[in-house]
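Read the structure below first, then the notes.
The values are calculated or read from the model by the stated rules, or taken from the named source; none is laboratory data. A quick note: this is a predicted structure, and the numbers were derived from the prediction, not measured. Here Cβ is always computed from backbone atoms with ideal geometry, including for glycine, and neighbour counts include all displayed protein chains. Note: accessible area is taken over every heavy atom of the protein model, side chains too, but ligands, DNA and RNA are not part of it. Shrake-Rupley method; radii C 1.70, N 1.55, O 1.52, S 1.80 Å.
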Amino acid sequence: MQISAAVPLMFLSVILCSLRAAAVQELRHPPNRIAVVGAGIGGTSAAYFLRQKFGNHVQIDIIEKGEVGGRLSTVEMEGNHYEAGGAVIHPLNLHMKTFVKELGLSPRHLDAGLLGIYNGEEFVFQQSEWLLINLFKMIWNYGLNFLRMYMWVEDMLDKFMRIYRYQTFDYSFSTTESLLHAMGGDDFTARLNVTIDETLQKSGFSQKFIDDIVAPAMRVNYGQDAKVNGFVGAVSLAGCDSGLWAVEGGNKLVCSGLLYASKAQLVKGTVTSIEEKVRPTKSGTTVSLYEVKYETDKGPILDMYDIVVIAAPLIKEINNIKFLNFDPPIEAVSKPYHQTVATFVHGRINASFFGCPKPCQFSVSEILTTNEPTLFINSIGSVSPVKPVTESVISKASDIKVWKVFSPEPLTDEHLRLLFESYHAVIVRNWMAYPKYTPPEKMPPIILHRGIYYLNSIEMAASAMEMSAISAKNIALLSYHRWYGKDGQIDQENLVERLKSEL
Ligand SMILES: Cc1cc2nc3c(=O)[nH]c(=O)nc-3n(C[C@H](O)[C@H](O)[C@H](O)COP(=O)(O)OP(=O)(O)OC[C@H]3O[C@@H](n4cnc5c(N)ncnc54)[C@H](O)[C@@H]3O)c2cc1C
């Protein structure tokens, strides 16, 4: 086709598409009711973004079986509260940043204490208070690997940040793969199929660096080693950047704030089944709705919804929602999750366990571990309360602190006696924390049915607060565009180039 003929035709088709979208939008009523299952950061941010897209008239119910916040939760120890689940936020996590600002909350900057990496016998790497000594140690032991890692993570973040522009311009994605592809092309999607170990080896990092530095980062952030997929591996490495922060008062405050701001109704109950039902309308036609069944203190309740967003992992151990009479059937769609136990101990750490003979100057306050099978912990670090500490609770002896220990199994008394010289309070939280990452990873679908969306599909690529928030915004946009037939806003190719010309 000649260019002169093609241009008017293209214009015509663009105009026709816009007219069609406008007509569909006018013809279609807004949805009456939307259900969100789960009031973690995913569910509450979904309600917030759904409200922005669909307006004030739609009723949004968030059905939650436990506490608002989900995996964002604190434990109380001797009058202070500590983050027990999702704790650390990256400075470039723009959705979390925006929520905190818009909700009038305050960020709490996290002081990085001195770090040691323990291999079961000795520290393979130990930070000093002196910058020059650290630089010397890093170069002596690992050459330029640290510098290259910094550049590698920066490059990944540059691509990752594209999602915020796409979402600002209202673009959405129908699969987790297409969302990742729009951010980082084949490079991002390919990372789902190989381990972070292989990814970094291919990029020229040394095996010693991967074993001593990268694997411990995976163990503290995801309870797993460098065999996790290359995408979550990169997210985990970004989680070791400087400038990390949390929310003053507890990260879960973001969830209660979003719940309030979204004007959604919190319904206390456990969703047990979802079934499609066809109902007659006043105008004589029919409408297809979802019947959501949930158990409450007062017995089972059935409610009808136009759209359902599932913002909780669909795995048998956590969530046994039955999808009734769907063809093809919808079943538990996620792979198993990994158990991580968080144990909080107020006491004096036993430095000799970490190879420091008495009397010992033990300066590290964050200990990560290499992938040593005899080790029963993944990490141990001293933690600060989510609010500034009052005088009365500051321990007089500075070596008596609150420590958070991550382990794959609950710690026994024997373990605690090994790790601590003395202790006087212990609190344990057991989590089905994040997916077991075993590449190649198949991403669960986002669209489970015409109007049923699965927010936690994205966790199979990487689990983090910001990932849930990104998925929440994507689903708000996707469900809106699908409801009103705006196909031009879904799964568009070459967005980087297109947005350059749209600006
Ligand atoms: C120990 C630990 C440390 C972590 N550290 C970090 C970190 O430092 N930084 C970071 O970004 N991320 C971290 N994460 C991951 C982060 O916490 C999660 O990715 C995020 O909180 C997931 O939020 P979500 O809303 O998608 O899911 P969830 O928080 O799990 O919310 C799902 C909600 O759904 C509810 N629910 C489930 N089934 C039903 C049902 N049938 N009916 C009604 N309600 C139901 C649950 O009760 C829950 O409240 C960590 C996680 C853990 C466990």
Worksheet entry | T175-V389 FRET efficiency (beta carbon distance; Förster radius 41 Å; 0.05 resolution) | 0.35
Fill in: Antiparallel bridge percentage (DSSP; both residues within the chain; nearest 5)
70
Response to the item:
the stretch 83-184, Kirkwood Rh and Cα Rg, ratio Rg/Rh at 1.07
Practice prompt. For K401, go through the lysines and keep the ones whose alpha-carbon is under 25 Å away, minus same-chain ones fewer than eight residues off.
Written response: K252, K358, K387
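Go through D306, D413, D187 and list them by solvent-accessible area, largest first, probe radius 1.4 Å.
Numbers: D306 15, D413 100, D187 65 Å².
Largest accessible area first, the residues go D413, D187, D306.
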Worksheet entry | Residue among A87, M443, S382 farthest towards the positive dipole end of the chain, charges placed on Cβ | M443
Worksheet item: Helix 145-160 sits at what angle to the longest principal axis of the chain, using alpha carbons and giving 0 to 90 degrees rounded to 10?
Response: 20
Worksheet item: Which whole-number value in Å² is the accessible area per residue of the chain, probe 1.4 Å?
Response: 48
Response to the item:
Reduced to Cα centres, the span from the stretch 57-136 to the stretch 318-389 in Å works out to 13
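How much length would be gained if the chain were fully extended between T412 and K227, taking 0.36 nm per residue of separation minus their Cα-Cα distance, in nm to one decimal?
On the way: separation 185, 0.36 × 185 = 66.60 nm, distance 2.73 nm.
Here the answer is 63.9 nm.
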Discussion item. Which one, F362, N32, S468, is farthest towards the positive end of the dipole of the chain when Lys and Arg carry +1 and Asp and Glu -1 on their Cβ?
Written reply: N32
Discussion item. Just to confirm my numbers, what's the Cα centroid distance between the stretch 141-213 and the stretch 233-266 in Å?
Written reply: 22
Worksheet item: For the chain, treating each Cα as an identical point scatterer without solvent, what Debye log10 I(q)/I(0) comes out at q = 0.10, 0.11, 0.13 1/Å?
Response: -0.83, -0.98, -1.30
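Given charges of +1 on the Cβ of Lys and Arg and -1 on the Cβ of Asp and Glu, with all other atoms neutral, how large is the dipole of the stretch 268-334 about its Cα centre, in debye to the nearest 20?
200
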Item to complete: Determine the relative contact order of the stretch 154-249: mean sequence separation of Cα pairs under 8 Å and six or more apart, normalised by residue count, in whole percent.
Response: 25
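Quick one: with all protein chains in place, what share of the accessible area of the chain is carbon or sulfur, to the nearest percent (1.4 Å probe)? Don't skip to the answer; put the middle values down first.
On the way: 13530 of 23980 Å².
On the chain, the fraction of accessible area on carbon and sulfur atoms equals 56 percent.
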Fill in: Between 0 and 90°, nearest 10: helix 465-483 axis offset from the chain longest Cα axis
0
Item to complete: Can you pull the one-decimal nm distance between simple spin-label points at T272 and D327, each 7 Å off the Cα toward Cβ?
Response: 2.6
Item to complete: Step through the residues of the stretch 61-78 one at a time and calculate ³J(HN,Hα) from phi using the Karplus curve (6.51 cos²θ - 1.76 cosθ + 1.60, θ = phi - 60°), rounding each to whole Hz and writing x for Gly and Pro.
Response: 10, 9, 9, 10, 8, x, 9, 4, x, x, 6, 9, 7, 10, 10, 9, 9, 6
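Report the relative contact order of the chain, percent, no decimals, based on alpha-carbon pairs under 8 angstrom and at least 6 residues apart. Don't jump to the answer; show the numbers that get you there.
Working: 943 pairs, mean separation 126.2, N = 503.
After rounding, I find 25 percent.
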Practice prompt. Select from S273, I452, L289 the residue farthest towards the positive end of the dipole of the chain; place +1 on Cβ of Lys and Arg, -1 on Cβ of Asp and Glu, and compute about the Cα centre.
Written response: L289
Discussion item. Using amide H atoms built in the peptide plane, which far-off residues or other-chain residues are under 5 Å from Q59 H to H?
Written reply: R33, I34
Discussion item. Calculate the FRET efficiency for T285 and R498 from the Cβ-Cβ distance with a Förster distance of 30 Å, rounded to the nearest 0.05.
Written reply: 0.20
Discussion item. Only four residue types carry charge here, +1 at the Cβ of Lys and Arg and -1 at the Cβ of Asp and Glu. Report the dipole size of the chain about the Cα centre in Debye, rounded to the nearest 20.
Written reply: 1220
Worksheet entry | Counted charge near L94, where neighbours are those whose Cβ lies closer than 13 Å (Asp, Glu -1; Lys, Arg +1) | +3
Worksheet, complete the sentence: To the nearest 20 debye, the stretch 151-218 has a Cα-centred charge dipole, built from +1 on Lys and Arg Cβ and -1 on Asp and Glu Cβ, of 120
Practice prompt. May I have the pair-distance distribution P(r) for the stretch 31-142, computed from all Cα-Cα distances with 10 Å bins from 0 and rounded to whole percent?
Written response: 11, 26, 26, 19, 12, 6, 1
